[in-house]
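The values are calculated or read from the model by the stated rules, or taken from the named source; none is laboratory data. Just so it is clear, the structure is predicted and the values come from calculations on it, not from any experiment. With ideal geometry, Cβ positions are generated from the backbone for all residues, glycine too; neighbour counts draw on all protein chains shown. The accessibility values were calculated without ligands, DNA or RNA, using every heavy atom of the protein model including side chains. Shrake-Rupley method; radii C 1.70, N 1.55, O 1.52, S 1.80 Å.
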Amino acid sequence: MILSTPLGRLRLIAIAEGISYLLFALTMPMKYMMDITGPNKVVGMAHGFLFLLYIVLVLQCAYLFKWSWKVTGLALLASIIPGGTFYAPAKWFGDAENSRV
C-alpha cells in the first residue's frame, strides 16, 4: 500500500473506517446493555473522523481520476454499508485506470 498516492491513502482509510465501524458495532451493546460508555465514546469519535476522512478522500479521488458518478456514488454508499469499505478497495480502488465500473 503506497501512502504517497491518493488511492493508497484512500485504501488505507477505507480499511481503517471499516474496522472502526465493526468496533463501533461491538461497543454499542456495551453501552446499552452493560452501561459501559467509555469505549463507545472513543470508538464513536474515531469512527466519525475516519468516516469524514473517507468521504473527503473519495471525493478527491473522484476529481483527480475523473471517476464516473456511478463509481463515486458506489464508493460513498460503501461507507454506510457494513463491510462496504472492505469491498470497495478491492473492487474499485485498484489503480486509477481500472477503478471505473
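Key figures for this structure:
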item	result
Heavy-atom accessible surface of the chain: percent carbon and sulfur, 1.4 Å	74
Relative contact order (%) - the chain, alpha-carbon pairs under 8 angstrom, separation at least six	33
Total formal charge among the other residues, if their Cβ is under 15 angstrom from that of Thr85, Lys/Arg +1 and Asp/Glu -1	+2
Solvent-accessible area per residue for the stretch 38-90 (1.4 angstrom probe, square angstrom)	58
Pair Met33, Ala46: separation of 7 Å Cα→Cβ label points (nm)	2.1
Loop trypsin sites (Lys or Arg not before Pro), the stretch 1-66, which have at most 14 other Cβ atoms in a 10 Å radius of their Cβ (DSSP)	Lys66
